[in-house]
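Shown next, in structure tokens, is the structure this report addresses.
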Amino acid sequence: MRRGSIVQLIVIGVLAGAIASAVALIPDWLPSSASREAGRIDFVFWFVTGICIFVFSIVTAVIVYAVWKFRVKPDDDSDGPPIHGHTGLEIVWTAIPALLVTAIAIVSAIVLAKDDAAGANPLRVNVYAQQFFWSYGYPGYRNKLSSVLRLPVNRSVVLTMHARDVIHSFWVPEFRQKQDLVPGIHATLHITPDKVGTYPVICTELCGFGHGLMRSRVVVMDSTAFEKWAEKKGTS
Ligand SMILES: [Cu+2]
């Protein structure tokens with residue numbers, strides 16, 4: 001291969017990579033992040049996106065170069081040259097994707113394990129879903145009930161899911177994780193909110209006529225304000 005061709009391939013690849021990077025980075029694709037788990041999940045997202053842009057650049061460079069250089073005249077009906085396999089190339093294009101997929105698997109496994117580790121003394125909250133509303137119980141605070149999920153900032157929280165009728169799904173975009181609530185199964189979800197604020201709780205499992213309205217709020221507050229609220233008697 002001539003040196004000029006390699007330079008042309010690299011230029012096309014860099015251009016394609018730059019365009020893809022601009023599409024990935026300039027619009028604000030993700031909701032803001034409000035938990036430690038969200039930060040790690042976003043890291044996996046950007047890690048995979050980076051690999052995708054890298055692969056996209058190479059594929060685009062080769063396709064654009066081939067279309068540009070090897071195009072035949074419209075009236076040329078002759079057969080192309082016979083092509084034989086290339087063992088070296090095949091090994092390379094098998095090994096590189098295998099390495100990339102392994103890297104993604106390792107990074108994801110580490111993030112999953114870290115996101116699931118709730119530590120020794122998490123705050124436990126029961127999440128109750130029923131057509132078509134959410135409620136939250138605090139077993140550590142005389143089973144206080146609330147229609148708003150109030151959480152202290154920077155403390156591990158374990159949510160235990162309770163579906164009272166059909167399947168629902170708990171989702172706070174700013175926390176990134178989703179967890180289905182299946183009647184009879186009490187799955188848990190570990191969250192460590194790290195930003196004070198109010199975020200939406202959304203049901204993401206089509207659960208009936210009022211599904212689209214099945215929303216609630218999570219209020220992340222500083223720990224003294226949370227303790228004060230949690231110690232107060234009565235429901236809220
Ligand atoms: Cu629902």
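The values are calculated or read from the model by the stated rules, or taken from the named source; none is laboratory data. In this text, all values refer to a predicted model and were calculated from it rather than measured experimentally. Cβ coordinates were reconstructed from backbone atoms using ideal geometry, including for glycine residues, and neighbour counts include every protein chain displayed. Protein only, heavy atoms only, side chains kept; ligands, DNA and RNA dropped before computing areas. Shrake-Rupley method; radii C 1.70, N 1.55, O 1.52, S 1.80 Å.
Every condition in (1) surrounded by 13 or more Cβ atoms within 10 Å (Cβ to Cβ); (2) among the basic types (Lys, Arg); (3) at pLDDT below 95 holds for Arg124 except the one numbered (3). Number of residues in the stretch 165-191 that are within 14 Å of the ligand (Cβ to nearest atom), charged (D, E, K, R) and open to solvent by less than 60 Å² (accessible area, probe 1.4 Å) equals 1. Within the stretch 192-206, being more than 16 Å from the ligand (Cβ to nearest atom) and assigned to a strand (DSSP E or B) holds for Pro193, Gly197, Thr198, Tyr199. Within the stretch 207-236, being in a loop (DSSP other than H, G, I, E, B) and closer than 25 Å to Ser33 by Cα holds for Met214, Asp222. For the stretch 132-140, check the following and say yes or no: at least one residue is open to solvent by 60 Å² or more (accessible area, probe 1.4 Å), under 28 Å from Asp28 (Cβ atoms) and not aliphatic (A, V, I, L, M). Scanning the stretch 132-140 turns up no residue that is open to solvent by 60 Å² or more (accessible area, probe 1.4 Å), under 28 Å from Asp28 (Cβ atoms) and not aliphatic (A, V, I, L, M). Note on the stretch 142-156: residues that are surrounded by fewer than 17 Cβ atoms within 10 Å (Cβ to Cβ) and over 26 Å from the mean Cα position of the chain (by Cα) total 4.
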